[in-house]
1. Inside the stretch 5-44, can you point out the residues that are farther than 29 Å from ALA106 by Cβ and either out of contact with any Lys or Arg (no Cβ under 8 Å at 6 or more places or on another chain) or not small (Gly, Ala, Ser) (or both)?
2. Of all the helices (runs of 4 or more DSSP H) wholly in the stretch 187-286, which have at least 1 residues that are touching a Lys or Arg at 6+ places or on another chain (Cβ under 8 Å) and hydrophobic (A, V, I, L, M, F, W, C)?
3. So is GLY171 on the phi > 0 side of the Ramachandran plot and in contact with a strand residue (DSSP E or B) (Cβ under 8 Å, 6 or more places away or on another chain) or not?
4. I'd like the full set of residues that are exposed (fewer than 10 other Cβ atoms within 10 Å of the Cβ) and either β-branched (Val, Ile, Thr) or over 18 Å from ALA62 (Cα atoms) (or both), limited to the stretch 5-23.
5. Could you tell me whether the stretch 157-166 includes any residue that is crowded, with 21+ Cβ neighbours inside 10 Å and in the same structural domain as PHE217 (by TED's automatic domain parsing)?
6. Six or more apart or on different chains, Cβ under 7 Å: which pairs go from a residue in the stretch 295-317 that's over 19 Å from TRP161 (Cβ atoms) and modelled with pLDDT of 95 or more to one that's surrounded by fewer than 15 Cβ atoms within 10 Å (Cβ to Cβ) and not hydroxyl-bearing (Ser, Thr, Tyr)? Could you list them?
7. Of ALA46, ALA106, which residue is under 29 Å from PRO135 (Cα atoms), under 30 Å from the mean Cα position of the chain (by Cα) and modelled with pLDDT of 95 or more?
8. Has the stretch 59-78 got any residue that is in the same structural domain as PRO41 (by TED's automatic domain parsing), of a type in the set (Gly, Ala, Ser), buried (at least 17 other Cβ atoms within 10 Å of the Cβ) and at pLDDT 95 or above?
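The values are calculated or read from the model by the stated rules, or taken from the named source; none is laboratory data. This one's a predicted model, so the numbers in the text were calculated from it and none came from an experiment. Positions of Cβ are generated from backbone atoms using ideal geometry, with glycine treated the same way; all protein chains shown enter the neighbour counts.
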Amino acid sequence: MTAKAPQSSLWDLLRGALATRALGIVADLRIADALGDGPRPVTELAQVTGADSDTLHRLLRALASDGVFREIEPGVFENTESSGMLRRGTGWADFATLFGGPWHRAAGELAAASDEPAFERVFGVGFWEWLARNPDARASFDHAMEQGWESRVERLESAGWRGDELVVDVGGGNGSLLVQLIKGQPGLRGIVFDLPETNRDEAELQQSGIEFVPGDFFKAVPRGDVYILSTILHDWDDERATAILRTIQAVAPENARLVVLESVVPPGNEPDGAKWLDLLMLALFDGRERSEDQWRTLLEAGGFEPIELNDGLIEARCRSR
(Lines give C-alpha, C1' and ligand atoms only; values in the text may rest on other atoms or scores of the structure.)
Protein backbone atom coordinates (compact mmCIF):
# COMPACT_ATOMS: atom_id res chain seq x y z
CA MET A 1 0.00 0.00 0.00
CA THR A 2 1.35 3.41 -0.97
CA ALA A 3 1.92 5.68 2.01
CA LYS A 4 -0.08 8.89 1.97
CA ALA A 5 2.02 11.98 1.27
CA PRO A 6 2.50 14.26 4.30
CA GLN A 7 0.73 17.14 2.58
CA SER A 8 -2.25 14.89 1.79
CA SER A 9 -2.55 13.89 5.43
CA LEU A 10 -2.53 17.53 6.50
CA TRP A 11 -5.03 18.53 3.84
CA ASP A 12 -7.47 15.80 4.86
CA LEU A 13 -7.33 17.07 8.43
CA LEU A 14 -7.59 20.74 7.51
CA ARG A 15 -10.67 20.26 5.34
CA GLY A 16 -12.40 18.12 7.98
CA ALA A 17 -14.45 21.03 9.33
CA LEU A 18 -15.85 21.67 5.84
CA ALA A 19 -16.88 18.03 5.44
CA THR A 20 -18.58 18.05 8.85
CA ARG A 21 -20.57 21.15 8.01
CA ALA A 22 -21.50 19.84 4.56
CA LEU A 23 -22.81 16.61 6.06
CA GLY A 24 -24.84 18.59 8.59
CA ILE A 25 -26.42 20.70 5.85
CA VAL A 26 -27.44 17.80 3.62
CA ALA A 27 -28.76 15.89 6.64
CA ASP A 28 -30.92 18.86 7.65
CA LEU A 29 -32.20 19.08 4.06
CA ARG A 30 -32.90 15.33 4.05
CA ILE A 31 -31.18 14.89 0.71
CA ALA A 32 -30.59 11.18 1.30
CA ASP A 33 -34.34 10.71 1.81
CA ALA A 34 -35.08 12.73 -1.33
CA LEU A 35 -32.84 10.31 -3.25
CA GLY A 36 -34.46 7.27 -1.70
CA ASP A 37 -36.27 6.27 -4.89
CA GLY A 38 -33.31 6.79 -7.20
CA PRO A 39 -31.20 9.46 -8.91
CA ARG A 40 -32.52 13.02 -9.25
CA PRO A 41 -31.20 16.25 -10.80
CA VAL A 42 -29.79 18.71 -8.32
CA THR A 43 -32.19 21.36 -9.64
CA GLU A 44 -35.09 19.14 -8.58
CA LEU A 45 -33.49 18.43 -5.21
CA ALA A 46 -33.05 22.14 -4.62
CA GLN A 47 -36.67 22.81 -5.49
CA VAL A 48 -38.09 20.22 -3.07
CA THR A 49 -35.73 21.16 -0.22
CA GLY A 50 -35.66 24.94 -0.62
CA ALA A 51 -31.90 25.01 -1.19
CA ASP A 52 -29.97 27.13 -3.67
CA SER A 53 -29.31 24.91 -6.66
CA ASP A 54 -25.70 25.95 -7.28
CA THR A 55 -24.74 25.77 -3.61
CA LEU A 56 -26.36 22.35 -3.23
CA HIS A 57 -24.54 21.06 -6.30
CA ARG A 58 -21.20 22.17 -4.89
CA LEU A 59 -21.95 20.55 -1.53
CA LEU A 60 -22.95 17.24 -3.12
CA ARG A 61 -20.03 17.29 -5.53
CA ALA A 62 -17.57 17.67 -2.67
CA LEU A 63 -19.19 14.92 -0.62
CA ALA A 64 -19.35 12.64 -3.65
CA SER A 65 -15.60 12.98 -4.03
CA ASP A 66 -15.33 11.12 -0.72
CA GLY A 67 -17.96 8.52 -1.55
CA VAL A 68 -20.94 10.20 0.11
CA PHE A 69 -23.47 10.48 -2.77
CA ARG A 70 -22.51 9.83 -6.38
CA GLU A 71 -22.80 12.14 -9.41
CA ILE A 72 -23.82 9.72 -12.17
CA GLU A 73 -23.99 12.43 -14.85
CA PRO A 74 -23.51 16.20 -14.68
CA GLY A 75 -25.90 17.59 -12.10
CA VAL A 76 -27.60 14.25 -11.31
CA PHE A 77 -26.93 12.51 -7.99
CA GLU A 78 -27.80 9.22 -6.35
CA ASN A 79 -27.22 7.68 -2.94
CA THR A 80 -24.25 5.51 -2.09
CA GLU A 81 -24.11 3.08 0.79
CA SER A 82 -22.60 5.85 2.91
CA SER A 83 -25.12 8.56 2.05
CA GLY A 84 -27.95 6.04 2.50
CA MET A 85 -26.98 5.93 6.17
CA LEU A 86 -28.06 9.58 6.42
CA ARG A 87 -31.71 8.71 5.82
CA ARG A 88 -34.07 9.47 8.70
CA GLY A 89 -34.40 6.73 11.26
CA THR A 90 -30.78 5.58 11.13
CA GLY A 91 -29.33 7.75 13.89
CA TRP A 92 -26.53 8.90 11.60
CA ALA A 93 -28.71 11.72 10.29
CA ASP A 94 -29.09 12.97 13.86
CA PHE A 95 -25.34 12.70 14.42
CA ALA A 96 -24.72 14.68 11.23
CA THR A 97 -27.16 17.37 12.37
CA LEU A 98 -25.41 17.69 15.74
CA PHE A 99 -21.85 17.47 14.42
CA GLY A 100 -22.54 19.82 11.54
CA GLY A 101 -24.57 22.30 13.61
CA PRO A 102 -24.13 23.11 17.31
CA TRP A 103 -21.12 20.87 17.85
CA HIS A 104 -19.40 22.34 14.81
CA ARG A 105 -19.87 25.85 16.19
CA ALA A 106 -18.55 24.84 19.62
CA ALA A 107 -15.54 23.02 18.19
CA GLY A 108 -14.72 26.14 16.18
CA GLU A 109 -14.20 28.00 19.46
CA LEU A 110 -11.97 25.37 21.07
CA ALA A 111 -8.87 27.10 22.43
CA ALA A 112 -5.79 25.93 24.30
CA ALA A 113 -5.82 28.95 26.61
CA SER A 114 -9.07 27.92 28.33
CA ASP A 115 -10.39 24.78 29.99
CA GLU A 116 -13.96 26.08 29.99
CA PRO A 117 -16.37 24.36 27.59
CA ALA A 118 -16.48 26.25 24.30
CA PHE A 119 -20.16 25.34 23.93
CA GLU A 120 -21.15 27.54 26.86
CA ARG A 121 -19.16 30.47 25.47
CA VAL A 122 -20.94 30.16 22.11
CA PHE A 123 -24.50 29.46 23.25
CA GLY A 124 -24.56 31.22 26.63
CA VAL A 125 -25.65 28.08 28.52
CA GLY A 126 -24.19 24.63 29.11
CA PHE A 127 -24.95 21.83 26.67
CA TRP A 128 -27.41 19.98 28.93
CA GLU A 129 -29.37 23.14 29.72
CA TRP A 130 -29.40 23.98 26.00
CA LEU A 131 -30.83 20.54 25.25
CA ALA A 132 -33.53 21.02 27.88
CA ARG A 133 -34.52 24.30 26.19
CA ASN A 134 -34.58 22.76 22.70
CA PRO A 135 -36.87 19.70 22.57
CA ASP A 136 -36.12 18.96 18.90
CA ALA A 137 -32.38 18.91 19.64
CA ARG A 138 -33.03 16.73 22.69
CA ALA A 139 -34.95 14.23 20.55
CA SER A 140 -32.18 14.27 17.94
CA PHE A 141 -29.53 13.72 20.61
CA ASP A 142 -31.42 10.82 22.21
CA HIS A 143 -31.90 9.18 18.81
CA ALA A 144 -28.25 9.67 17.88
CA MET A 145 -27.18 8.01 21.14
CA GLU A 146 -28.97 4.83 20.02
CA GLN A 147 -26.47 4.50 17.18
CA GLY A 148 -24.31 1.41 17.59
CA TRP A 149 -26.55 -0.20 20.22
CA GLU A 150 -25.89 -3.62 18.69
CA SER A 151 -22.19 -3.50 19.57
CA ARG A 152 -22.94 -2.10 23.04
CA VAL A 153 -25.43 -4.91 23.74
CA GLU A 154 -22.88 -7.44 22.49
CA ARG A 155 -20.31 -6.06 24.91
CA LEU A 156 -22.84 -6.06 27.76
CA GLU A 157 -23.77 -9.69 27.14
CA SER A 158 -20.19 -10.68 27.96
CA ALA A 159 -20.43 -9.14 31.43
CA GLY A 160 -21.59 -12.38 33.06
CA TRP A 161 -25.23 -11.97 34.07
CA ARG A 162 -26.68 -13.98 36.95
CA GLY A 163 -30.14 -13.84 35.41
CA ASP A 164 -32.25 -12.38 38.22
CA GLU A 165 -30.54 -9.07 38.82
CA LEU A 166 -32.10 -5.62 38.95
CA VAL A 167 -30.19 -3.52 36.43
CA VAL A 168 -30.21 0.28 36.67
CA ASP A 169 -29.17 2.07 33.48
CA VAL A 170 -27.99 5.41 34.87
CA GLY A 171 -28.41 8.14 32.27
CA GLY A 172 -30.06 5.48 30.11
CA GLY A 173 -31.77 7.92 27.74
CA ASN A 174 -34.75 6.41 25.96
CA GLY A 175 -33.99 2.95 27.35
CA SER A 176 -33.19 1.27 24.03
CA LEU A 177 -29.98 -0.31 25.37
CA LEU A 178 -31.70 -1.88 28.38
CA VAL A 179 -34.62 -3.07 26.24
CA GLN A 180 -32.24 -4.98 23.98
CA LEU A 181 -30.22 -6.36 26.89
CA ILE A 182 -33.33 -7.76 28.59
CA LYS A 183 -34.50 -9.32 25.32
CA GLY A 184 -31.34 -11.43 25.41
CA GLN A 185 -31.39 -11.88 29.20
CA PRO A 186 -35.11 -12.24 29.99
CA GLY A 187 -34.59 -12.97 33.70
CA LEU A 188 -33.23 -9.48 34.31
CA ARG A 189 -35.34 -6.64 35.65
CA GLY A 190 -34.60 -3.06 34.64
CA ILE A 191 -34.80 0.58 35.58
CA VAL A 192 -33.93 3.41 33.20
CA PHE A 193 -32.88 6.46 35.18
CA ASP A 194 -32.58 9.82 33.41
CA LEU A 195 -33.87 13.37 33.29
CA PRO A 196 -37.66 13.71 33.03
CA GLU A 197 -37.52 15.43 29.62
CA THR A 198 -35.77 12.42 28.03
CA ASN A 199 -37.58 11.20 24.90
CA ARG A 200 -38.75 7.61 25.35
CA ASP A 201 -41.35 5.07 24.31
CA GLU A 202 -43.20 4.33 27.55
CA ALA A 203 -45.19 1.49 25.96
CA GLU A 204 -42.04 -0.30 24.81
CA LEU A 205 -40.42 0.08 28.22
CA GLN A 206 -43.48 -1.30 29.98
CA GLN A 207 -43.70 -4.18 27.53
CA SER A 208 -40.09 -5.07 28.41
CA GLY A 209 -40.83 -4.84 32.13
CA ILE A 210 -38.67 -1.75 32.50
CA GLU A 211 -39.53 1.16 34.78
CA PHE A 212 -38.50 4.71 33.88
CA VAL A 213 -37.46 6.69 36.95
CA PRO A 214 -36.81 10.42 36.45
CA GLY A 215 -34.11 12.14 38.43
CA ASP A 216 -30.66 13.69 38.68
CA PHE A 217 -27.68 11.34 39.03
CA PHE A 218 -25.79 13.97 41.01
CA LYS A 219 -28.43 13.73 43.76
CA ALA A 220 -29.69 10.15 44.01
CA VAL A 221 -30.17 6.99 41.97
CA PRO A 222 -32.39 3.92 42.51
CA ARG A 223 -31.02 0.90 44.36
CA GLY A 224 -30.08 -2.05 42.17
CA ASP A 225 -27.78 -5.04 41.78
CA VAL A 226 -25.95 -3.85 38.65
CA TYR A 227 -25.42 -0.30 37.42
CA ILE A 228 -24.77 0.52 33.78
CA LEU A 229 -23.11 3.76 32.73
CA SER A 230 -23.08 3.87 28.93
CA THR A 231 -21.05 6.80 27.55
CA ILE A 232 -21.95 8.93 30.57
CA LEU A 233 -18.75 9.53 32.53
CA HIS A 234 -16.86 10.88 29.53
CA ASP A 235 -19.30 13.82 29.51
CA TRP A 236 -17.84 15.11 32.79
CA ASP A 237 -14.54 16.20 34.29
CA ASP A 238 -12.99 14.04 37.01
CA GLU A 239 -14.65 15.92 39.87
CA ARG A 240 -18.15 15.58 38.47
CA ALA A 241 -17.61 12.01 37.21
CA THR A 242 -16.45 11.06 40.71
CA ALA A 243 -19.61 12.66 42.12
CA ILE A 244 -21.77 10.44 39.86
CA LEU A 245 -19.92 7.33 41.03
CA ARG A 246 -20.27 8.43 44.66
CA THR A 247 -24.02 8.88 44.19
CA ILE A 248 -24.25 5.28 42.97
CA GLN A 249 -21.91 3.97 45.66
CA ALA A 250 -23.99 5.64 48.38
CA VAL A 251 -27.04 3.47 47.62
CA ALA A 252 -25.59 0.35 45.97
CA PRO A 253 -25.48 -2.90 47.96
CA GLU A 254 -22.06 -4.14 48.93
CA ASN A 255 -20.37 -5.85 45.97
CA ALA A 256 -22.93 -4.43 43.52
CA ARG A 257 -21.47 -4.43 40.03
CA LEU A 258 -20.74 -1.42 37.87
CA VAL A 259 -20.56 -1.87 34.09
CA VAL A 260 -19.17 1.08 32.16
CA LEU A 261 -19.37 1.27 28.36
CA GLU A 262 -16.60 3.70 27.49
CA SER A 263 -13.39 3.90 25.52
CA VAL A 264 -10.00 3.25 27.07
CA VAL A 265 -7.58 5.53 25.25
CA PRO A 266 -4.51 3.53 24.19
CA PRO A 267 -0.97 4.89 24.51
CA GLY A 268 1.20 5.69 21.51
CA ASN A 269 0.46 7.18 18.11
CA GLU A 270 -1.84 4.58 16.56
CA PRO A 271 -5.10 6.01 15.15
CA ASP A 272 -7.98 5.77 17.60
CA GLY A 273 -11.35 7.51 17.43
CA ALA A 274 -11.36 8.14 21.17
CA LYS A 275 -8.45 10.56 20.80
CA TRP A 276 -10.63 12.78 18.59
CA LEU A 277 -13.76 12.20 20.63
CA ASP A 278 -11.77 13.50 23.59
CA LEU A 279 -11.54 16.92 21.90
CA LEU A 280 -15.31 16.97 21.32
CA MET A 281 -15.84 16.23 25.02
CA LEU A 282 -13.52 19.13 25.84
CA ALA A 283 -15.45 21.49 23.57
CA LEU A 284 -18.92 20.50 24.75
CA PHE A 285 -18.74 19.83 28.48
CA ASP A 286 -15.15 19.87 29.71
CA GLY A 287 -15.47 16.08 29.68
CA ARG A 288 -12.76 13.67 28.60
CA GLU A 289 -11.89 10.22 27.30
CA ARG A 290 -9.63 8.36 29.72
CA SER A 291 -6.62 6.05 29.66
CA GLU A 292 -6.44 2.86 31.72
CA ASP A 293 -4.57 4.61 34.54
CA GLN A 294 -7.08 7.46 34.55
CA TRP A 295 -9.97 5.00 34.73
CA ARG A 296 -8.43 3.18 37.68
CA THR A 297 -7.91 6.44 39.54
CA LEU A 298 -11.45 7.63 38.83
CA LEU A 299 -13.14 4.36 39.82
CA GLU A 300 -11.20 4.11 43.06
CA ALA A 301 -11.99 7.74 43.92
CA GLY A 302 -15.67 6.96 43.33
CA GLY A 303 -15.70 4.01 45.72
CA PHE A 304 -15.31 1.17 43.22
CA GLU A 305 -12.73 -1.57 42.80
CA PRO A 306 -11.72 -2.05 39.14
CA ILE A 307 -12.08 -5.64 37.91
CA GLU A 308 -11.62 -5.52 34.13
CA LEU A 309 -10.61 -2.55 31.99
CA ASN A 310 -11.08 -3.32 28.32
CA ASP A 311 -11.71 -0.82 25.58
CA GLY A 312 -15.47 -0.51 25.36
CA LEU A 313 -16.27 -2.49 28.53
CA ILE A 314 -15.09 -1.60 32.03
CA GLU A 315 -16.22 -3.61 35.04
CA ALA A 316 -15.90 -2.72 38.71
CA ARG A 317 -17.29 -3.75 42.09
CA CYS A 318 -18.71 -1.49 44.77
CA ARG A 319 -16.44 -1.29 47.81
CA SER A 320 -17.96 -1.48 51.28
CA ARG A 321 -18.74 1.88 52.82
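1. ALA5, PRO6, LEU35, ASP37, GLY38, PRO39, ARG40, PRO41, VAL42, THR43, GLU44
2. Passing ranges, in order: 238-251, 273-284.
3. On the way: on the phi > 0 side of the Ramachandran plot: yes; in contact with a strand residue (DSSP E or B) (Cβ under 8 Å, 6 or more places away or on another chain): yes.
Against the criterion (on the phi > 0 side of the Ramachandran plot and in contact with a strand residue (DSSP E or B) (Cβ under 8 Å, 6 or more places away or on another chain)), GLY171 qualifies.
4. Hits for the stretch 5-23 are ALA5, PRO6, GLN7.
5. In the first step, residues of the stretch 157-166 are kept if they are crowded, with 21+ Cβ neighbours inside 10 Å; the result is none.
The answer is no; no qualifying residue exists.
6. The qualifying pairs are GLY302/ARG246; GLY303/ARG246.
7. Among ALA46, ALA106, only ALA106 is under 29 Å from PRO135 (Cα atoms), under 30 Å from the mean Cα position of the chain (by Cα) and modelled with pLDDT of 95 or more.
8. yes
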